[in-house]
1. Out of all DSSP beta bridges in the stretch 11-149, what portion is antiparallel? Express it as a percent rounded to 5.
2. Looking only at D48, D57, D171, which one moves most when the chain is put into a Gaussian network model with springs between Cα atoms under 10 Å?
3. The chain: D in µm²/s via Stokes-Einstein (Kirkwood Rh, Cα pairs, 20 °C, 1.002 mPa s)?
4. Throw me the Rg/Rh for the stretch 159-241, computed over C-alpha atoms with Kirkwood Rh, two decimals.
5. Tell me, what HN-Hα J-couplings in whole Hz come from the Karplus equation 6.51 cos²θ - 1.76 cosθ + 1.60 at θ = phi - 60° for each residue of the stretch 169-176, using x for Gly and Pro?
6. Can you tell me, using C-alpha contacts under 8 Å and at least 6 residues apart, the relative contact order of the stretch 59-122 as a whole percent?
7. Neighbour counts of other C-beta atoms within 10 Å: give me H23, H73 arranged from fewest to most.
8. Mind jotting down the three principal axis lengths of the stretch 81-210 based on Cα atoms? Whole angstrom, largest first.
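Bear in mind these aren't lab numbers, they're just calculated from the coordinates by the rules spelled out. Quick caveat: nothing in here was measured; it's all calculated off a predicted structure. Positions of Cβ are backbone-derived with ideal geometry, glycine not excepted, and every protein chain shown enters the neighbour counts.
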Amino acid sequence: MPKLTFTHINDTQFEEFAFDLLHELKFVNVDWRKGTPMASSPADKGRDIVADQIVKDIDEATALEKWFVDCKHFKRAVPPTELHNLLAWAEAERPDVALFVVSGYLSNPAKDYIETYKRNNRPAFKIKYWELPQLERLAKKKMTLLRKHGVTEAPIRSIKQILIPEEEFMDRIWYDRKLSYIAAIKRGAAKPSTPEIMKGMRSSMKRVEQKYGGKRALMNYYKDDFGWGMMNGKLSALRWILGDDWDVLDT
């Protein structure tokens, strides 16, 4: 799981990260209440973002849950006094969920405050908070998002790591093409090369079979045209990363 760090970004940038994360988590009607094209955000009156979550019932009926989101970007633990505005707005507007998105952690007094608030007020809305560990879990497979905002130190794969699957897909595609070539020879649709070339080709096919678990395993690697296309697409993408033009599929 990638470790996140928000120490180098400001409050507005953290709000933007939360806004993009909600989109990635399939929230809809996500409204960042920034209210200005300036680099900073104005006073948000307790809700930085408003969004809807699609909720599906057991009978497949869907509904929208309204979420009010308040982003807290603090170097230290967030104190209870920072929770008042969102809860006051939620009491007035009655969303389904009031969510605090915290770049670090709520203080223990803040967590106690939430529990006391729920016990004494019995609010009609849920109160949630996402601290740093929850943000890391929710964003763990969203590397494009994390790199866009520069909040992860997770390294890009090394050239050595990239070359391993590039070689594998090249071998598999080359082998499949040779099978097709042999089949075309058998039905008279292609002419065989010289005996020396054919002998070398069959020897190379044997090496590939030994490398990837045998002829049956190679033939069963993909099931249909979609799988064949995916394999070629992966090879093309890996070669593009390595510096080739797109769609270089030579084997």
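1. 50
2. Looking only at D48, D57, D171, the largest GNM fluctuation is found for D57.
3. Calculated translational D: 94 µm²/s.
4. 1.00
5. Values per residue, Gly and Pro as x: 5, 4, 4, 5, 5, 4, 4, 5 Hz.
6. Relative contact order for the stretch 59-122 comes out at 43 percent.
7. By the 10 Å Cβ count, ascending, the order reads H23, H73.
8. 88, 31, 25
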